[in-house]
Amino acid sequence: MTTTTPHAQTAQPAVSARNLSKTYGMGEATVHALNNVSVDFEQGKFTAIMGPSGSGKSTLMQTIATLDTPDPNPATSIRIGGTELFGLKDNALTEFRREHIGFIFQAFNLVPTLTAGQNIDLPLGLAGKKPDQQWRDYLVKTLGLETRLDHRPEQLSGGQQQRVAIVRALLARPEVVFADEPTGNLDSNSGAEVLRLLRAAATDHAQTILMVTHDASAASYADRVVFIKDGMVAGEMIEPTYDAVLGAMAQLEGR
């Protein structure tokens, strides 16, 4: 496939993973979802992770985000902001995620008995903190939720629930945001708003964005695309365009 060669880091990366492997099953049913993957992500950059179905892209993100555990290996390392996360106890990991990481996943994970506004404020409330009201208002307005904050999840469309989850993820201004198909449940206009918001989070607020996507259009908003195939890094692309990403994916998929 035609991609740029991996570029040298000019400073300590915001996210660094070394020697990640992940195996599911046993015997003939063994699946090697990740195969000794090492990859860095720069601070303040928006990176898309792409690959064919079953390539390991979601497993890579979930493992780096400490939501899944890699296979035991003394050479394995997962660092975010200089903190080594591999091997941390569950309580320490939970606290670190709350303070430093935002999550946007396909499952909205909204509390059904709370309103949209209460769901947005919940993580900060659990941490004993209050939101920056101006930032909260900006996020809510940008994603068109001003009139929906008093509604419970069952009263919202899937796209509206996704937007609530996105505001919740960004509200604390986390250093790193992990997004798994964040536009998958949105129409094209709402999806574009979300991608512009993630783009601005990186450019204007120095947040590091890692996004798994199958959509070449979504990937074109990123600074960089990391391509995964058969559980390994197959290449990367800097300053991706829609057409270039389509071509690279066609090569990966053998089309």
Would you mind telling me the antiparallel percentage of the DSSP bridges in the chain, rounded to 5? 55
Give me the number: length gained by fully extending Asn36 to Tyr24, i.e. 0.36 nm times residue separation minus the C-alpha to C-alpha distance, one decimal in nm. 2.9 nm
What is the helix-to-structure angle for 116-126, meaning the angle in degrees between its Cα long axis and the longest Cα principal axis of the chain, kept from 0 to 90 and rounded to the nearest 10? 70
Note on the chain: contact order normalised by length, alpha-carbon pairs under 8 Å, 6 or more apart, percent, works out to 29
Between helix 133-142 and the chain: long-axis angle, C-alpha atoms, 0 to 90°, nearest 10: 70
If you count, for each residue, the other Cβ atoms within 10 Å and average over each peptide, how do 227-233, 44-50 line up from highest to lowest? 44-50, 227-233
Which shape class, rounded, prolate or oblate, goes with the stretch 126-206 when its Cα gyration tensor gives a ≥ b ≥ c as root eigenvalues, a/c under 1.5 marks rounded, and past that a/b bigger than b/c marks prolate? oblate
In degrees from 0 to 90, rounded to the nearest 10, what is the angle of the helix 90-100 Cα long axis to the longest principal axis of the chain? 70
Per residue of the chain, what 222 nm ellipticity follows from adding -39500 (n - 2.57) for every DSSP H run with n ≥ 4, rounded to the nearest 500? -10500 deg cm²/dmol
Please report Lys22, Lys141 as a ranked list, fewest other C-beta atoms within 10 angstrom at the top and most at the bottom. Lys141, Lys22
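Readers should treat all values here as calculations from the given coordinates under stated rules, not as data from a laboratory. From a predicted model like this one, the values you see are computed outputs, not experimental measurements. Neighbour counts run over all protein chains shown; Cβ positions are idealised from the backbone, glycine included.
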